[in-house]
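K.L.:
I have a structure here, written as C-alpha cells, and I will follow up with some questions on it.
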Amino acid sequence: MVTQLQTGIEPLRGHALDTPDFRPHRLLHSPQTSVNARFVNRDLPCERTANAYNCGMEDDLAKILISREQIDRRVAELGREIAAEYADNHRDLVIVPVLTGSIIFVADLIRHLPFKMHIGLMTVSRYRGATTVGGATKIVEDLNVEIEGRDVLVVDDILDTGNTLKAVSQQLRERQPASVKICTLLRKPAKAPKDLHADFVGFDVDDVFVVGYGLDFNNQYRNWPDIAVLREELYQ
C-alpha cells in the first residue's frame, strides 16, 4: 500500500527560495552575465521554507548569488558557444573536467554539446578547509586518456588565483595536444591573473566565498543547486 507523506515542501514556482520573504539584493554587473543576489532569510522556521529538506545548508548561507535558473540558462549558452568553436573539428575533442569542483557543471555542460567527445578525468587538490587561497596545486589523479594531437577543453568550477588552471594547463601542454582551451563557470576578475586567459566564462563574481553547484567548503554544500555566498563567520 502506498501512503502519501506530508513533507512540508511546497510546490516550487521558479526558484526554490523565490518567496516574498527573500529580500532583493544589489544587481551584480558582469561582462559575461549579470546575476541577481538575494539574501537568505533565516528568520523563517525550517518547515516554512520552500526547500525544507535543505534547511541545514540554508542556515549557513548569507545570500543566493546566482540562481539555478540563471545557471541553467548560462550553461546552455556556453554549450552553444563551445559547439560553435569546435564545429569544424570536434572528432578528437577531449573534455578534461578538473575534479571535484566541476563535476556538476561538466555533467550539465556536455549535454548541450551536439557531438561525440572524449572525457579525460583529472583530480586536483586545491583549497583546504577554511582558507580560500590554496597552496601548491597537487594532482591527485592524473589524466586517464591520451591527448597528443587532440583538442583539449579544460572545464573548471572557478578561476580566482589561477594556480590550479595554470598547473593543469601546463601539464596538459607538455603532452603535445593540438590545442588547450579553458572553460570556467565562475571567474573573480579581482584575483584572476592577467596572463591566464579563460576562453569560455559563465559568470564574473566578486571576491566572496561561494558554495553550491559543485563548489564546496570542507567538501560540503556541493549539492546545493544555486551558487550562494557562505556566511563569513563559518570560515573565518
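K.L.:
Please report the net charge: other residues with Cβ closer than 9 Å to the Cβ of Ala178, K and R +1, D and E -1.
P.N.:
Computed value for this residue: -2.
K.L.:
Once each part is reduced to its C-alpha centroid, what is the distance from segment 89-104 to segment 199-228 in angstrom?
P.N.:
That distance is 18 Å.
K.L.:
What does the charge add up to near Pro97, with Lys and Arg as +1, Asp and Glu as -1, over the other residues with Cβ less than 11 Å from its Cβ?
P.N.:
-2
K.L.:
Still on this structure, please answer the following. Could you give the length gained on full extension between Lys166 and Tyr235, defined as 0.36 nm per residue of separation minus the Cα-Cα distance, in nm?
P.N.:
Fully extending the segment from Lys166 to Tyr235 adds 22.3 nm.
K.L.:
Something else about it: Cβ under 14 Å from Leu109's Cβ, Leu109 left aside: what net charge do those residues give with Lys, Arg +1 and Asp, Glu -1?
P.N.:
Result for the local shell: -3.
K.L.:
Still on this structure: Roughly speaking, what is the stretch gain from Asp195 to Ile119, that is 0.36 nm per residue apart minus the C-alpha to C-alpha distance, in nm to one decimal?
P.N.:
Length gained between Asp195 and Ile119: 24.7 nm.
None of the figures in this text is laboratory data; all of them are computed from the coordinates on show. All of these numbers come straight from a predicted model, not from anything done at the bench. FYI the Cβ positions are ideal-geometry reconstructions off the backbone, even for glycines, and counts take in every protein chain you see.
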